1. Looking only at 242, 330, 255, which one moves most when the chain is put into a Gaussian network model with springs between Cα atoms under 10 Å?
2. Can you find, among 320, 44, 381, the residue sitting farthest towards the positive end of the charge dipole of the chain, where Lys and Arg contribute +1 and Asp and Glu -1 at Cβ?
3. Go through the range 364-371 residue by residue and turn each phi into a ³J(HN,Hα) via Karplus (6.51, -1.76, 1.60, θ = phi - 60°); whole Hz please, and just put x for glycine and proline.
4. Past 19 Å, Cα to Cα, is the threshold; run 58/191; 191/358; 58/358 against it and keep the listed order.
5. Using 0.36 nm times the number of residues separating residue 120 and residue 101, minus their current alpha carbon distance, what extension gain do you get?
6. Please work out whether the range 172-317 counts as rounded, prolate or oblate from its C-alpha gyration tensor, where a ≥ b ≥ c are the square roots of the eigenvalues and a/c under 1.5 means rounded, while otherwise a/b larger than b/c means prolate and anything else oblate?
7. Around residue 366, which amide H atoms from residues at least 5 apart in sequence, or from another chain, sit under 5 Å from its own amide H, with H modelled in the peptide plane?
8. Using a Gaussian network model of the chain with C-alpha springs under 10 Å, which one of 97, 123, 331 is most mobile by mean-square fluctuation?
Amino acid sequence: MQLVHEADPRYQAILARLAARGRFGIRLGLGRTRALLHLLGDPHVGLPGVLIGGTNGKGSTQALVAAVLRETGARVGQSPKPHLVSYRERIVVDGRPIGVEDFTDLLTEVLERADAVAQRHGPPTEFEALTAAAFTWFRRQGVHVGVIEVGLGGRLDATNVWQGGVSAITNVALDHMEHLGDTVAAIGREKAAIIKRGDSDAITGATQPALGVIRARARRVSVPLDVREPLEVVGMDLDGLRVREHDLRIGLLGRHQAANASVALGIIGALERANIAYAPPAQLERGFANARWPGRLELIRAPGQPPVLLDGAHNPAGVAALAQALLDLRPHLGDAPPTLLMGVLANHWQPGMLDPLKAAAPSAHLVATTIPGAPNSMVPADLAAAWGPRSTALAVTDEAFDAASGMAKGTLVVCGSLYLVGYLRARLEN
């Protein structure tokens, strides 16, 4: 939740300088990040941990692994992305975002170095500056283990300058095709590049055809590959799900978390084999049960509002997982059809991606809206037309939320871009 002291003028000024670098701007490449980190003393060098890539599930897997490691007493650094409400969520130590003053001082320093880098390498992007800031903060805070999430792709993502010893790829599906390629195999090749020679282990939950590409990469750089199958689900409710392996309770909603949990178990095992961290069974159980990942199948009950289910389902695989979750949770959410409020970035849209939701909730009404601050939002009228007759297009996000809340007889599902989810989550929490 955004705090009052985030109104501090120095903090707002540093956010403006970050925003000037383009929240939605993407310029892939590692040269700027390497140069920036070098000017900051190469804080990423020597930090052990895991780099997690994949199309979907990176954040959930990160949340599960970090929750377990915190139970062991390890000092854990995370870089979740994108943030939902505050930029401070991008730099997390022991489950807590960096403070306002610390963020302001740190980014002031990083952006000064970024200006120096720009003369030779071009200006570092917002994401590159935040990546460098995170590693700098982790060193200064004495972090023991990094649990780092790839931003986009892998090969040319800023995080790929770091080698923590373990690499993981949750899954591979079509997404960001304008940057990564137009086939699953091509996208898999980009993501597989985070597996680097010298890693002790790589873990993946990917299936064919991406799995073949990932296997080939692991063989090429002589890294053992642990291919993980989804864990067997034996029960689920609004508190999460239970899986057969270790009789674990997972504190995250959605059947797809069984696949993410399997990759997380593989990561924890790899960290143990590399002598980076060890989680006894009791700590593993507590970590999985206590894991939380805001904005991803997160149920919020606020006074005067229908139950709101937030989920950043922004691509076909994510939409399919949300549809399955709505089917699985129907006994717990009630008989009334859900109302959907959705906004999608135009570059994430793919024809037919709404079909699983239509099948899971054929009587649902969809309110299409824009994503605040995103110039590349899909036109709401086009999104509404893709849903069909039971739809409304309202361009102003707050008006769309009010309209969807008013018409909801059951659960209101806010889905699509995580930027939309974050904007409305802040409103609900406030």
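Bear in mind these aren't lab numbers, they're just calculated from the coordinates by the rules spelled out. The structure displayed is predicted, hence computed values, not measured ones. Ideal geometry is used to build each Cβ from the backbone, glycine not excepted, and the neighbour counts take in all protein chains shown.
1. 330
2. The listed residue farthest towards the positive side: 44.
3. Couplings: 6, 9, 10, 9, 9, 9, 9, 9 Hz.
4. Values: 58/191 12 Å; 191/358 31 Å; 58/358 26 Å.
Violating the 19 Å Cα-Cα cut-off are 191/358; 58/358.
5. 3.8 nm
6. Details: a/c = 2.39, a/b = 1.31, b/c = 1.83.
Taking the square roots of the gyration eigenvalues as a ≥ b ≥ c, the range 172-317 is oblate.
7. Distant-sequence amide H within range of residue 366: 340, 391, 392.
8. For the chain, modelled as a Gaussian network with Cα springs under 10 Å, the answer is 331.
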